[in-house]
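**Q** This structure is in structure tokens; I'll ask about it shortly.
The values are calculated or read from the model by the stated rules, or taken from the named source; none is laboratory data. Computed from a predicted structure; not experimentally measured. So basically every Cβ, Gly included, is an ideal-geometry build from the backbone, and we count neighbours across all protein chains shown. For accessibility, only protein heavy atoms count, side chains too; no ligands or nucleic acids. Shrake-Rupley method; radii C 1.70, N 1.55, O 1.52, S 1.80 Å.
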Amino acid sequence: MIRLAALALPLLLAAPAMAQTPATPAPQKLVLNLADRDGDGVVSPAEAAEHLASGDAAELPAAQPASAPHRGPRIRPGRAKAEPADEAGFPGLSMKRRFVEASEFEQALEYRFLEELKDRRK
């Protein structure tokens, strides 16, 4: 009996809220372009002119000058400095640039690679 009352109590409390139908607002019409005054989906030149005339001038985009009249002294960027080539000839792949210390296996491979380069250059 207690179980039945426990199950029915939430339904009894929720019944008044479920009985009232919420007031549904009027459906809103989807407007894709604010300049389309008559809602036909096409903006005529007259509608566009009316929309521009009714708008605030501060909201309209203003043309910006191509260059400012005076920006100060012109500074030319310097040339990029070339990295010195390592012994293998590949400055970007140098083992000296690593953040993490190379393992013994990687050091052995690097040594074999450098020896092979020396042999090929002879």
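**Q** With respect to Ala46, determine if the residue is touching an Asp or Glu at 6+ places or on another chain (Cβ under 8 Å), open to solvent by less than 80 Å² (accessible area, probe 1.4 Å) and at pLDDT 70 or above.
**A** Answer is no for this residue.
**Q** When you check Lys81 against the structure, is it loosely packed, with under 10 Cβ neighbours inside 10 Å, part of a helix (DSSP H, G or I) and at pLDDT 65 or above, yes or no?
**A** The answer is no for Lys81.
**Q** May I pose another question? What do you reckon, is Pro61 at pLDDT below 75, within 30 Å of Gly39 (Cα to Cα) and open to solvent by 90 Å² or more (accessible area, probe 1.4 Å)?
**A** yes
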